[in-house]
Each structure stands twice: as structure tokens, then as C-alpha cells.
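Notes for the one structure printed next.
The values are calculated or read from the model by the stated rules, or taken from the named source; none is laboratory data. Keep in mind that what you see is a predicted model, and the values were worked out from it rather than measured. Cβ sites come from the backbone with ideal geometry, for glycine too, and all protein chains shown count toward neighbours.
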Amino acid sequence: MFKKRIAAVAAGLFACHALSAIAADKQVEVMHWWTSGGEAKALGVLKDNLKQRGYAWKDSPIAGGGGEAARTVLRARIASNNPPDAVQMLGFSVLDYAEQDLLTNLDSIAKKGDWDKQVPAPLQRFSKSDGHWYGVPIDVHSDNWIWANKKIFDELKLTPPQTFEELVADADKIRKAGYIPLAHGGQAWQEATIFDSAVMSAGGPKFYNDALVKLDAKALGSKTMEKAFDQLRALRGMVDPNFPGRDWNLATSMVINGKAAMQIMGDWAKGEFANAGKKPGVDYLCMRYPGTQGDFIFVTDQFATFKAGSDRQAGQYAFAEAVMDPKVQAQFNQIKGAVPARLDVPADGFDECGQKSMADMRTALKNGTMVGSFAHGQAMPEASKTALYDVVTHFFNSNQSSADAVKALVTAIQNSK
Amino acid sequence: MAAKTWDSPQMVVGKHNNVSRIVIYSMLLIVALVYLVPLVVMLLTSFKPLQEVYAGNILALPHEWTLAAWEKAWGSACVGLDCSGVKGFFWNSFRMVFSAVFLSTLIGALNGYVLTKWRFKGDNVLFALVLFGCFIPFQIVLIPMATFLGKIGLAQSITGLVFVHVVYGLCFTTLYFRNYYIAFPDELVKAAMIDGARFFRIFFRILLPNSVPIITVTVIWQFTNIWNDFLFGASFTTGASAPITVALNNIVNTSTGVKEYNVQMATAMIAALPTLLVYVVGGRYFVRGLMAGSVKG
Amino acid sequence: MLLHSRAQSIDPAKSPARVEKVGKKRSARNAFEALLPKLVLSPTLIITLVFVYGFIVWTTVLSFTRSRAFATFKWAGFTQFARVWEHPRWHVAVENLGIYASLYVVLCLAIGLALAILLDQRIRAEGYLRAIFLYPMALSFIVTGTAWKWILNPGLGLTKLFHDWGWTSFQFDWIISDDMAIYTVVIAAVWQASGFVMAMFLAGLRGIDQEQIKAASIDGARMPSIYRRIIIPQLRPVFISALVILVHLAVKSYELVIALTGAGPGYSTELPSTFMYSFTFTRNELGMGAASAVMMLCTVAAIMVPYLYSEMRPRRSGGGH
């Protein structure tokens, strides 16, 4: 009796599993971690363009940790010889995978789309390996921004601080008036984001480059680096005691609600303001971190396409072309709050802060002050970046002196190479 | 519920007074309230509009009770580009879990049977070997298993995922059945053998029918573990065939997007409902199932 | 329990020739029968050998290579192990594991046993109470971590709650404190698993022989010592199963920690499981991740193997988990 039952169930199971999904031919599977409503809307632009090129979008989102979970799953997919067609990438990932010969070469369409000329050179460094195109950047964020509540600034008659000392003085006034000077979320990446600006402000773009990109030991161990940590220490004094573990967007809402005056965050924060119905210049101000005016610390999201047989290539090419389509770049970034990764996209349709960002990027490009963000993996390799994360977050969450932090930094970077 | 056939030790001994009863009840009540707090928080948050969530405190009753978060979680929340909630993923999980639970339970039962009624030299060692598998962290397993599944062509399929869950559920199911059958009277088995019954007949006719309690325990444990797994589910499926934990993760862990805490809690509750039901409904069988050797009562 | 039994069926009319033929068949069948149990067990053994021990070997091999982002087979001796031990996060992780694992196991066992004893007292609402204690186990780690993160959040959770209710001096900020954050992980984890342990003990308690208790009380023993001398020792088998399950859950703590504290503040709630995960998959240090995994397995083996060995050696005649 039991036997019959078990046999029946087993037969049913086999039937179920016989219905394995047969992959539709004209579709592109995309793995990413943009899972919120606003991000979905932005991606929708890309999806529509892909459809116009004749390919359906198969969505494989894996949220979490700025791509950490996705990275793990990707490793598993690669191990099983079944990678997605296109994957969102940050930092050096494109280069890592390109070196392992896992990515599709995009040179032919790069030439068609004139990418070599239209994509800013600092970005190309992360998309090209050995002179060949493997990644396509879809946006350019920058993280040396301060977002401020305009009402508080008007009330206290403050203007955007031009030097760090001014910022400290302003913070004092803000605190005395009963507001929290700096809204901050206590997570390692957020502290690292602030550190980006602190280093740039303390030492300028050349120092930033030497220390955080070239990992030059002298620069890393210098007094200038101590000054950067000093700035971090001063900023630590401007936050409220409940900051540990706080999500970044909760910190932004503190600014939106007028509980805090400022937040140091990348321009993805614009999405929060927009969602709350706030307008730049009217309800909030966007200003560069004092000491980094004219510098552009960039974070770019890219997509890379994985080699998976010649039958997938056409779809991958279509996808790459869709990403680099100037129309897509314009619409996508207007929704996302970033700047197009192509220089030939017009500025109409972008809001006040967006246009400022685009102008800043062009200036920085001209002056050679456009540098990749360490916090978001565009400066040093992953192992060193996470080592530095540890140092920075430990410093922020303890009473360590700047001098000790610098020593710890040097050791950490050394050990991670 | 079946009539209780036991007395508490207090009653056996004959000492039990009202004061101690009050103390016992109050302690249980206090602990129960503490245990309930997270569930209450989650439920309350899921019934509030987002502004109230940000503004209020976690145990405050909603000023405005709303099912909007639940509707959104089921049918329109964004788990990526696809903004149609978690309902599809919910059914994916169901399909995957049933097969995996069934297979791992069946094999575990057979293993327990062999290890206790068909003893041979070294069977305890083999059991210990299998048992050690319970401690292997899944992170070790991920890449090699992905490589293996890729090589046999089962990489992005429900079959592959079921296979993985069966493999890593065997240590527990074997443990449960082995412990249960070890207390199962050998005489009954011997009697059946004298009757001429052979290996499988004894199993299907004698042991299985009397194993309902432990089958319940095993099914509950396996169902919960497999339903709640995230890592394997994310790595061995793609897109719309993912289990609900992947969808839950995508809703709860958006990194640079707006966080709708009420929708997150509603999603978490939807994801937890089957397991909660299984635990609450199966609870009494659970305790009964763990009572190996209770025959002597 | 319903027990099936079959009537004796003996066929008296069997000729010697038939008996001999049947005898030969029977011995072949017997040989097969003798093999059958082992055959039935073998798929599980093969699976365990390949997918548990095989993978452990693979990881061990990796730990001796110079693998970083991808697996290579360049020999590295004990370098990866050295690098792990030199890393400050590992020191924190090991220390946390000691605190976390010991507290988790001890508290779950203690609370589980206490609740089981209480519930065993012929409580009227036993079914409901049992469900309340059991349900946390049904929740996934993501859900548990998220819910507790909220509750323990100093600005939004318990603290705000008590402030709103008037107890303004209440402070519970363990989750943001470097030293105390690991204990919040213990709280959430114990909440999740102690009900399950309680169910196991409750079942064990219900199987205890009433006669012994009666006899002891007639001899003049009092309740506490009856529990101590008679009841609890008979629960030893339950302790094994509970321990196996708790150690398994402690090893698997990755998702809970990430959801609750993200291994923070800083990295003060780092555990070997989060260390292993982040170094293997995120930090492109496959070799270090493998080395940490090997060390974790050795630790677990060092504890569980002797314990299992000692518990399984004596022959038991029925009764026991």
C-alpha cells in the first residue's frame, strides 16, 4: 500500500522535473542587484531598448551588500559553466574576469559606437583589459557630495562651506541650534565613502592617486594621511550616537525630515529626495565636500558579458549596444541620479544637481582630477580595499589616534598585496 | 488531542500546590510574551503605512491599519525588473520543497532501518561518518557542487536544486530515523522475519506504518531547512524559477534603493507562513514523534 | 500504537525434492538478502563520501594553494593559514566563536530544559505555549536577523519604545557597542533555537519511567533531587541530539549575523563563518577562505568526534535518542 503510494509520488516527481525550462533563443539573461522600485524603473529603460533591438530581458536579480551576494552566485554559475549573459559589475571585476578569459570581446561594437572617444579615459581603465573592450559603463556617480537641508541652512544663514574648517564651524552652529550636524549610517562602506572625500580634501588629487591608487607606501604613511584621519575624527564628532548599523537611506531621511543638516553621500541619494518629493535648490542643496571642489571621485556601474557560445553572442552585442546608446544613457541616468558615461549626451532633462555633476565631470576630466573612488572599488584591488575598510571603520568606531590609524593602514595594505 | 497517559513528576509524587502552579504559569507567560515580541513587531509593521513606520515605535498599534503592504508584497513588489511580487516564487519553493523533503525522508528512513535492524560490523562508524556531514558549512560546498552540477548538466534546474538539498539533508533524516528505530522493538521485526517477510516488506508493512510521528518530525525539520535556504536556491536557479527566499532577499536587501519596511515585513511573513503553519499545526506530532521509546509509557 | 502482525503460515506439504530446490534458491536469495541492507545504505555512503568528504578534501587542497580570486594549484605551504592567523578579523572571529558557541549551546540547553520541565507540569494551555516557543525555529535567518535588528535598534526599537512609554532612562544599545554586540547575536540565536530544544527535552521527559519516580519519593527524596538524580540523567540521549543540532546551527550562523549586525559595528561581530564567506567570495582570497574553513572543521571535529565516540560506544538495548 505504501509502496503504491510511493511509486505514484515518484512518478509525479519525475513528470515535474521533465518539464525543464527550454531557454528561449532571443533573450538575454541579466544578473544585477538593482532591486528597488526606483532602480527597476531605471533598468526598465534599458530593457525597452533591448526589446527594440529584438531581444527579451531575462531578469536574474540578487540583492545584497552592494553586489556581494550576486558575486557569490556568479562564482557558482561560472563554476557550473552556465554564467548569465550579462552581469552588473563594480570596480575591477571586469578586469579580473577578463584576465580569466571569461568575457566576450566587445571591440567590434566599440568601434561602431565610438566608445574610445566618447567614454572618459578614467572609466575606460575599468572596462578595457589589454586594450580590448570587455565592459560597458552605464552610469557615473560621484561620492564627494554633501547633501544639505535647505531650510536649516537658510535658518542659520549658512552658505556651502568652502574649506574643512568652515564645515567644522558650520557644524558647531548647527549643533547649537539643536539639529544633528551630520547624518551618518554606521556601515563600513559609508565610512569609507566619507574617507574618500577626506583624503581628497586633505591632500588633493595627486596625493589621492599616489596613496589610494598607486598604494605608494610613503604617501600612505605620510602626515597628509594623518590629516585625512583628523578630518574623519572631526566628522565623527558631528554624528548622533545612534549611527551604528543605520542604513544609508535612513540617514538621508534624517536630512529630508530636517532632523539633520547634512549627509556626505554619493549622488544615488538624489533618488531618496526625489521619492520624498523634494526638489534640488528648493528643499535641499547639493554641494561638493569642502576641499574637493573641482575634483570628481567617481563610481561607475558596468555590465560585462560572459562567453557562453557563439549563439549567445548576438544577444550580448545587442545588450552592450543598448547600454551605450546615448538615449538610454540619458534616460537611465535621469532616473538613477547619475551622469551618463558618454560625453556626447546632452544635459537637457537633467535636474540642477545632475547638470552640475555633468559639468564637474567635464572640468575634472580636463584638469586630470577625475579619480576612482576607493570606497567603491575604483582605486585599489579588492583585497587591499577591504583591508583599508577594516582600518577606516575601526578608526571611526573607536578612539584610535590618527597616527596609529596611519600605521595600521600601512600594515594592512602591506599584508593585503 | 489523545488522552494524556502520563503524570507530571509532581503529580506522581503527590506534591503539588497552588503557589507553585501560579509561579509556573507566570514564568511561562512571561517567557511566552518575550518570545512573541518579534512576531508582533513584524505583524504590526506590515500593517502600517510607511510614514507611520518611520515615525512611530515598533510596538505601537497602527493608527491606520492597511493591507497595502501585503498586497504589494504578494503581487507588485519589485524583486528586480520584475515587479509582480513574490507569488510566483512562492510556488517555485513549494514544488522544490516537496520533492526534496520526500526523497530525503524516504532515504533517511531506509538508512535508519538498515542501521538499527540489520546490524553489521562497523555500522556505528558508518553512522558517525554520515552524521559528521551535518557540520559541513555550506560555503565549502558551493563551488565544488556547482562544478559537479555543471558537468552533469543539471546546473540551473529544479532537479539540481532538489538533488543538493537531498544530499545535505541525509545526515539529519538518517539521524532522526536511526534514533527512532533503535527503540523500535526488535521482537516485532524478528517475528515478521519468521513469518517469511523480507527486507522491504518488513520496512513497508511493519516499520513505516508505525513511524508517523518521526516522519512528521523529519518532514517538519527538512521542510523548514529547505524552504528557508537562500544560498543554494540563489546559486542553482535563475530568474523566475528562484525560490521565495531569493525574492525575499531581493526585497529586504536593496542596497541603494528606497527601503519600504512595511513591505519587507509583509514579504517576510508571507515567506514564513508555510513553515509557521507546519510548525504550529504539526507541533503536537512533533513532540510525540520525538518520544522514542515512549511505548513503555 | 497500532501494531500489525501476521498469522503464522506454514505449508506442511513440501516434497524433499522441492525442499532442496527451494533450499538452493533460498541460499542464493539469502546471500542477496545479506547484501541488501548494505546496498540500500550505500547510496548515502557514496554521496557522503563524495559530497561531504570529497569536498572537504578539495577545500583542504585549496587551503595549501596560492588561490586568490580563482582557484590555482600553485603550492603555498602554510602561507594561507599564517595569513589567516595574522589577520585581526580572524582573532575577533575566533574569540567571538568561543563566546557565541558556548553561550548559545549552554543557554539553549538550559532554557530548553527549563521550559520543558515547566511545560511538563500538566499545563492547561500546553499546546499554545508550545507553539509559541517553537515558532521562531520556523523563521529563516534573514527574517530573524531583520526583526531583531529592528527591536534592538537604539533609535527605533526597544529603547524608543520604553522612552515613549515613560521609562526615559532605559538604554539598550548593545547592538552598537563594540564589546556587547556579539551578545545580541546570542540573544537572537537562542530565541530561535531554544524552543526546538525544549520540544526535544519535552519528548524525553514524557518517556521517563514513572515507577522510578514513585519509588524515589517513597524513599523520601524531594523534587529537586528527584530531577537531579533520576530524571535529568535519563535525558542524556536527548542531550546528544540537541548538541548535534545546536552545533550545526552555530556553524551555520552566517546568514543570521549578516542580517542582524552585518558583522559590525566595525567587525566586532565577525565569526569564522562570516570570515570564511567574505574571504572566499567577496575579498578574492580563496586560499584564506579555505584555510579558515579547514580550521573551523577541525575545531568542530575536535569537539564532536570524541563526544560522539564516547556516547555511541556502550551498547544500548532500546530506549534513547
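Going through the stretch A:62-82 one residue at a time, which ones are over 24 Å from A:Thr386 (Cβ atoms) and of a type outside the set (Ser, Thr, Tyr)?
A:Asn81, A:Asn82
Which of the residues belonging to the stretch B:228-247 are more than 10 Å from A:Val73 (Cβ to Cβ) and either at pLDDT below 85 or at the interface with chain A (Cβ under 7 Å from one of its Cβ atoms) (or both)?
Result: B:Gly239, B:Ala240, B:Ser241.
Select from the stretch C:275-300 the residues that are within 11 Å of chain A (Cβ to nearest Cβ), touching a Gly at 6+ places or on another chain (Cβ under 9 Å) and either within 13 Å of C:Trp90 (Cβ to Cβ) or among the hydroxyl-bearing types (Ser, Thr, Tyr) (or both) and list them in ascending order.
Listed by number, the residues that qualify are C:Tyr277, C:Ser278, C:Phe279, C:Thr280, C:Thr282, C:Arg283.
For the stretch B:226-280: of the residues being within 23 Å of B:Cys171 (Cβ to Cβ) and without any contact (Cβ under 8 Å) to a residue 60 or more places away in the chain, which is surrounded by the fewest Cβ atoms within 10 Å (Cβ to Cβ)?
Filtering the stretch B:226-280 for residues that are within 23 Å of B:Cys171 (Cβ to Cβ) and without any contact (Cβ under 8 Å) to a residue 60 or more places away in the chain, the one surrounded by the fewest Cβ atoms within 10 Å (Cβ to Cβ) comes out as B:Val278.
Collect the residues in the stretch A:203-219 that are buried (at least 23 other Cβ atoms within 10 Å of the Cβ) and of a type in the set (A, V, I, L, M, F, W, C), keeping them in residue-number order.
Of everything in the stretch A:203-219, those that are buried (at least 23 other Cβ atoms within 10 Å of the Cβ) and of a type in the set (A, V, I, L, M, F, W, C) turn out to be A:Ala211, A:Leu212.
Tell me, yes or no, whether the stretch A:27-34 has at least one residue that is within 9 Å of chain B (Cβ to nearest Cβ), part of a loop (DSSP other than H, G, I, E, B), modelled with pLDDT under 85 and buried (at least 23 other Cβ atoms within 10 Å of the Cβ).
Checked the stretch A:27-34: no residue is within 9 Å of chain B (Cβ to nearest Cβ), part of a loop (DSSP other than H, G, I, E, B), modelled with pLDDT under 85 and buried (at least 23 other Cβ atoms within 10 Å of the Cβ).
Being at pLDDT below 90, part of a helix (DSSP H, G or I) and touching a Gly at 6+ places or on another chain (Cβ under 9 Å) is the requirement here; does B:Gly75 meet it?
yes
All but one of (1) touching a Phe, Trp or Tyr at 6+ places or on another chain (Cβ under 9 Å); (2) hydroxyl-bearing (Ser, Thr, Tyr); (3) closer than 24 Å to C:Glu86 by Cα hold for A:Thr411, so report the exception by its number.
(1)
Of all residues in the stretch A:70-108, how many are within 14 Å of chain B (Cβ to nearest Cβ) and of a type in the set (Asp, Glu)?
Adding up the residues that qualify gives 1.
Would you mention how many residues in the stretch A:159-190 are closer than 25 Å to A:Gly245 by Cα and either among the β-branched types (Val, Ile, Thr) or within 24 Å of the chain's Cα centre (by Cα) (or both)?
Within the stretch A:159-190, residues that are closer than 25 Å to A:Gly245 by Cα and either among the β-branched types (Val, Ile, Thr) or within 24 Å of the chain's Cα centre (by Cα) (or both) number 12.
Among the numbered criteria (1) surrounded by fewer than 21 Cβ atoms within 10 Å (Cβ to Cβ); (2) of a type in the set (D, E, K, R); (3) out of contact with any Leu (no Cβ under 8 Å at 6 or more places or on another chain), which one does A:Lys307 miss?
Every condition holds for A:Lys307 apart from (3).
Taking the options C:Ile226, C:Ile208, name whichever one is aliphatic (A, V, I, L, M), in a helix (DSSP H, G or I) and without any contact (Cβ under 8 Å) to a residue 40 or more places away in the chain.
Checking each option against the conditions leaves just C:Ile226.
Residue by residue, here is whether (1) at pLDDT 85 or above; (2) under 28 Å from B:Ala268 (Cα atoms); (3) within 25 Å of the chain's Cα centre (by Cα) holds:
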site: C:Trp90; (1), (2), (3): yes, no, yes
site: C:Ala110; (1), (2), (3): yes, no, yes
site: C:Ile142; (1), (2), (3): no, yes, yes
site: C:Trp148; (1), (2), (3): yes, yes, yes
site: C:Ile151; (1), (2), (3): no, yes, no
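Would you check if B:Ser99 is part of a helix (DSSP H, G or I) and more than 9 Å from chain A (Cβ to nearest Cβ)?
For B:Ser99, the condition - part of a helix (DSSP H, G or I) and more than 9 Å from chain A (Cβ to nearest Cβ) - is not met.
Here's a check for you: in the stretch B:82-105, which residue that is of a type in the set (A, V, I, L, M, F, W, C) and surrounded by 19 or more Cβ atoms within 10 Å (Cβ to Cβ) is farthest from C:Val294 (Cα to Cα)?
B:Val86
Please determine whether any residue of the stretch C:258-268 is of a type outside the set (S, T, N, Q) and free of Cβ contacts under 8 Å to residues at least 24 places away in the same chain.
The answer is yes; a qualifying residue exists.
Quick check on this structure: which one of A:Gly67, A:Gly54, A:Gly38, A:Gly44 is within 11 Å of chain B (Cβ to nearest Cβ) and at pLDDT 90 or above?
One residue alone meets the criteria, A:Gly44.
For the stretch C:154-204, how many residues meet the condition of being in a helix (DSSP H, G or I), β-branched (Val, Ile, Thr) and either free of Cβ contacts under 8 Å to residues at least 40 places away in the same chain or within 8 Å of another protein chain (Cβ to nearest Cβ) (or both)?
So the answer is 4.
Residue under question is C:Val251, and the condition is that it be β-branched (Val, Ile, Thr) and within 15 Å of the chain's Cα centre (by Cα); does it hold?
Taking the combined requirement at face value, the residue satisfies it.
Select from the stretch C:253-274 the residues that are part of a loop (DSSP other than H, G, I, E, B) and within 7 Å of another protein chain (Cβ to nearest Cβ) and write down the one among them that is surrounded by the most Cβ atoms within 10 Å (Cβ to Cβ).
Checking each candidate, the answer is C:Thr261.
Looking only at the stretch B:32-56, filter to residues that are facing another protein chain (nearest Cβ under 10 Å) and crowded, with 19+ Cβ neighbours inside 10 Å; which one of those is modelled with the highest pLDDT?
B:Tyr35
What single numbered condition from (1) without any contact (Cβ under 8 Å) to a residue 40 or more places away in the chain; (2) under 20 Å from the mean Cα position of the chain (by Cα); (3) surrounded by fewer than 21 Cβ atoms within 10 Å (Cβ to Cβ) fails to hold for A:Leu250?
(1)
Taking the stretch C:301-321 only, how many residues are at pLDDT 80 or above and within 9 Å of another protein chain (Cβ to nearest Cβ)?
Selection size over the stretch C:301-321: 3.
Looking at B:Arg119, B:Arg198, which is the one that is without any contact (Cβ under 8 Å) to a residue 12 or more places away in the chain, basic (Lys, Arg) and within 14 Å of chain A (Cβ to nearest Cβ)?
Only one candidate qualifies: B:Arg198.
Would you mention how many residues in the stretch A:394-409 are part of a helix (DSSP H, G or I) and either without any contact (Cβ under 8 Å) to a residue 12 or more places away in the chain or surrounded by fewer than 19 Cβ atoms within 10 Å (Cβ to Cβ) (or both)?
4
Could you tell me which numbered condition A:Cys16 fails, if it satisfies all but one of (1) modelled with pLDDT under 75; (2) closer than 18 Å to A:Ile138 by Cβ; (3) assigned to a helix (DSSP H, G or I)?
Every listed condition holds for A:Cys16 apart from (2).
Pick from B:Lys296, B:Lys259: which is at pLDDT below 85 and within 9 Å of chain A (Cβ to nearest Cβ)?
Of B:Lys296, B:Lys259, the one residue that is at pLDDT below 85 and within 9 Å of chain A (Cβ to nearest Cβ) is B:Lys259.
Which members of the stretch A:253-299 meet the condition of being among the polar types (S, T, N, Q), surrounded by fewer than 23 Cβ atoms within 10 Å (Cβ to Cβ) and either touching a residue at least 24 places away in the same chain (Cβ under 8 Å) or not assigned by TED's automatic domain parsing to the domain that holds A:Ile180 (or both)?
A:Asn275, A:Gln293, listed by residue number.
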